[in-house]
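The values are calculated or read from the model by the stated rules, or taken from the named source; none is laboratory data. All values reported here derive from a predicted model rather than from experimental measurement. Cβ placement follows ideal geometry from the backbone for every residue including glycine, while neighbour counts extend to all protein chains displayed. Please note that ligands, DNA and RNA were not included when accessible areas were found on the heavy atoms of the full protein model with its side chains. Shrake-Rupley method; radii C 1.70, N 1.55, O 1.52, S 1.80 Å.
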Amino acid sequence: MMIQSDNSQFDARANRRRFLQYLAGSASVAWTGGGLAHALEAPNRLPDPMVWAPRDLDHLIAAPKDAINVFDFEAVAKKTMQPQHFGYMTSGIDDEVTLRANRAGFLKYQLRPRRLVDVSKVDMSIELFGQKYPTPIIVAPTGGHGSYHADGEIATAKAARAGDHLMILSNQTSRAVEDVLAARGRPIWFQLYASNKFEVARHHVERAEKAGCLAVTVTVDRSGGRNQEQLARLRRANPVDCTACHETPNGPAALGSHGKPMYEGVDLSGLQNTQASMMSWDYLKRIRDATKMKCIIKGILSAEDARIAAQLGYDGIIVSNHGGRADESGASTIETLPEIIAEIGGKMPILIDSGFRRGTDIVKALAMGATGVAVGRPYLWGLGAFGQPGVERVLELMRTELLAAMQQAGAPTIKHLVPSMVKRA
Ligand SMILES: Cc1cc2nc3c(=O)[nH]c(=O)nc-3n(C[C@H](O)[C@H](O)[C@H](O)COP(=O)(O)O)c2cc1C
């Protein structure tokens, strides 16, 4: 199938839809999700989880400035962090097929650059809900930064501030939302795991709104248990007593006094968990109705759910498989993106995360129609390795790679990244 490249066409919905169907692998595959997973090869024996990291672990970088790519931080973080904390961060689920698929997915798409475009000046800025950011790279919500570095989310927020990145703060934060906002110096988004007790969710949303957050991101992909084998193995290798931090005398009821400030001052009686399996669209509607903030759903992986999110009045979605840590679907998010774009592209911002490490990864997603790209583990590697300077350098490396990738693609602005710049390998 030959695709004509024409920058002026990026608003032509019909062409775009056809193209996205082509990118998804087969125009005859219905957008049920099953067809996409089918395209993935699932090897029986999987390589080491650090396959994407440098192999030469004897020569670690001594300072953030020495890093030549984001993977350089992973090996340092592995050395500096508590093994079980590193194991928790690095883990996927079961055989980690999805974890690897997230990276392998990018190899299934190639770039189709345009030449002779003046890219001496590149504007990487995006606009989200009326706010302009100089970069489409977003700090994904991840819980408990205090386990990776003593400065916790404050370090992350200051690093996000240095590059003016949008930051999404997890409600499992080890620092209060008010303090993180002050450190970031610009409104952030708040991420919510809803619990079985709606009043707790409402409290979090109201507190975040009052503090000055712009949006609430409801994560909907953690309804079940999970088998994180890396965590289990590394915890076994380092048998320390974790109960002081991780187990409260009264179960979740004592969360506030155990390094989870968002639970302070909340009536936690009856709270059975912090991530509810009973969540339904009705619950999502109640959250939507409980706030004036923009509402985003994180963890959408099918066109059907994307459609319902739009119908329910949600303002945006994040295509995410939680970095391969939620369910073992086997499908990468980059391969899932086309069906979501085909369904609701142009109706609301569509963000994506899971496995983004390189500027070219980001260019592929933006060209396919994503509005922004969130990253998780890379900045946690930076945080665990060097604190704030580490996070800053990780984000800087990603911006630098993105800039070069946009220039090479022939795109002076994000709008110049169009579907015809990507083809199936
Ligand atoms: C250690 C860790 C903790 C996470 N905690 C949260 C969380 O509290 N809330 C949430 O919505 N997602 C959480 N995530 C998922 C991230 O928001 C994001 O979807 C994922 O990290 C993206 O994949 P990547 O790590 O490959 O970049 C977490 C991810 C990691 C690695």
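Only one of the numbered conditions (1) touching a helix residue (DSSP H, G or I) at 6+ places or on another chain (Cβ under 8 Å); (2) at negative phi; (3) of a type outside the set (D, E) is violated by G376, and that is (1).
For every residue, the table says whether it meets (1) charged (D, E, K, R); (2) at negative phi; (3) in contact with a Gly (Cβ under 8 Å, 6 or more places away or on another chain); (4) surrounded by 24 or more Cβ atoms within 10 Å (Cβ to Cβ).
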| residue | (1), (2), (3), (4) |
| --- | --- |
| K121 | yes, yes, no, no |
| M124 | no, yes, no, no |
| G143 | no, yes, no, no |
| G146 | no, yes, yes, no |
| E153 | yes, yes, yes, yes |
| A160 | no, yes, no, yes |
| D164 | yes, no, no, no |
| L169 | no, yes, no, yes |
| L181 | no, yes, yes, no |
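Listed here are the residues, each with its yes/no results for (1) within 16 Å of the ligand (Cβ to nearest atom); (2) in a helix (DSSP H, G or I).
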residue: G143; (1), (2): yes, no
residue: H149; (1), (2): yes, no
residue: A155; (1), (2): yes, yes
residue: K158; (1), (2): no, yes
residue: H165; (1), (2): yes, no
residue: I168; (1), (2): yes, no
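Scanning the range 78-104 for residues that are surrounded by 24 or more Cβ atoms within 10 Å (Cβ to Cβ) and of a type in the set (G, A, S), which turns out farthest from the ligand (Cβ to nearest atom)? Ranking the qualifying residues of the range 78-104, first place goes to A101. Residues that are surrounded by 20 or more Cβ atoms within 10 Å (Cβ to Cβ), of a type in the set (K, R) and out of contact with any helix residue (DSSP H, G or I) (no Cβ under 9 Å at 6 or more places or on another chain) are absent from the range 278-285 altogether. The listed residues are V117, V177, and the only one of them that is closer than 30 Å to T413 by Cβ and either at pLDDT 95 or above or away from the ligand (no atom under 13 Å from the Cβ) (or both) turns out to be V117.
Every condition in (1) open to solvent by 60 Å² or more (accessible area, probe 1.4 Å); (2) farther than 28 Å from K423 by Cβ is met by L107 except one, and the failing one is (2).
Taken together, L268, L255 contain a single residue that is open to solvent by less than 50 Å² (accessible area, probe 1.4 Å), more than 23 Å from the chain's Cα centre (by Cα), within 14 Å of the ligand (Cβ to nearest atom) and modelled with pLDDT under 95, which is L255.
Test G163 against the criterion of being touching a Ser or Thr at 6+ places or on another chain (Cβ under 6 Å) and either farther than 18 Å from G299 by Cβ or of a type in the set (S, T, Y) (or both), and give yes or no. Reasoning before the result, please.
On the way: touching a Ser or Thr at 6+ places or on another chain (Cβ under 6 Å): no; either farther than 18 Å from G299 by Cβ or of a type in the set (S, T, Y) (or both): yes.
No; evaluated as a whole, the condition is false for this residue.
Only one entry of E199, E229 meets the criterion of being over 28 Å from K78 (Cα atoms), out of contact with any Leu (no Cβ under 7 Å at 6 or more places or on another chain) and acidic (D, E), and that entry is E199. Being in contact with a Pro (Cβ under 8 Å, 6 or more places away or on another chain) and part of a loop (DSSP other than H, G, I, E, B), is that true of even one residue in the range 97-117? Yes, because at least one residue in the range 97-117 is in contact with a Pro (Cβ under 8 Å, 6 or more places away or on another chain) and part of a loop (DSSP other than H, G, I, E, B). Residues of the range 208-249 that are at negative phi, open to solvent by less than 50 Å² (accessible area, probe 1.4 Å) and more than 16 Å from the ligand (Cβ to nearest atom): A211, N238, T248. For K294, the requirement of being open to solvent by less than 20 Å² (accessible area, probe 1.4 Å) and of a type in the set (K, R) is not met.
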